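Here the structure is laid out as structure tokens; the discussion comes afterwards.
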Amino acid sequence: MNTYNYFEDNWLRNMTNNNSLFTPEEGFLKGNLFSSLYSQYKNYQPMTLKATNEREKFFLELSWVAFAAHELNLYLDVHPNDTSMITLFNDYRKKEMDLSRKYEEKYGALTVMSENSNDNQFSWEEENWPWERDMNV
């Protein structure tokens with residue numbers, strides 16, 4: 001067995017074990033959902049993100065779940081037969097869609113492609129930009 005196959009076999013064995021995954025929140029902060037692939041740079045500690053209001057909390061949770069779904073999607077591009085990861089991906093994808101729908105119902109469109117966007121205008125553009133928002137709201 002050459003080195004590449006040995007590495008690939010062990011990597012796959014580690015990746016299919018769901019214990020090798022960070023939580024969506026931790027993966028989002030570290031930039032990698034797969035704990036076995038994460039390599040901390042020197043003494044760097046990822047910043048902890050704290051929501052200051054309900055809207056930010058909602059958006060942060062949505063961001064975590066979307067990140068996890070995207071990471072699993074990339075993994076499945078290379079390993080399309082990993083049924084446990086397919087199941088997990090589908091769970092995160094459904095949760096992301098549900099959170100997006102609920103967020104948009106309450107706070108407005110997230111993107112130009114959102115169902116809650118008005119057909120004649122870009123309603124997402126009418127929202128206050130992050131630097132225009134009152135941070136105490």
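When the residues of segment 71-83 are filtered to those that are out of contact with any Asp or Glu (no Cβ under 9 Å at 6 or more places or on another chain) and free of Cβ contacts under 8 Å to residues at least 40 places away in the same chain, which remaining residue is nearest to F28 (Cα to Cα)?
Within segment 71-83, the match that is nearest to F28 (Cα to Cα) is L72.
Among (1) under 16 Å from the mean Cα position of the chain (by Cα); (2) closer than 24 Å to A109 by Cα; (3) without any contact (Cβ under 8 Å) to a residue 12 or more places away in the chain, which single condition is I86 missing?
For I86, the failing item is (2).
Tell me whether segment 40-54 contains one or more residues that are part of a helix (DSSP H, G or I) and either of a type outside the set (K, R) or surrounded by 15 or more Cβ atoms within 10 Å (Cβ to Cβ) (or both). Even if it seems obvious, please write down each step before you answer.
Here is the first cut: in segment 40-54, the ones part of a helix (DSSP H, G or I) are 54.
Add one more test, that the residue is either of a type outside the set (K, R) or surrounded by 15 or more Cβ atoms within 10 Å (Cβ to Cβ) (or both), and what stays is 54.
For segment 40-54, residues part of a helix (DSSP H, G or I) and either of a type outside the set (K, R) or surrounded by 15 or more Cβ atoms within 10 Å (Cβ to Cβ) (or both): present.
Values quoted throughout were computed directly from the atomic coordinates according to the rules given, and no laboratory measurement underlies them. All of these numbers come straight from a predicted model, not from anything done at the bench. Cβ sites come from the backbone with ideal geometry, for glycine too, and all protein chains shown count toward neighbours.
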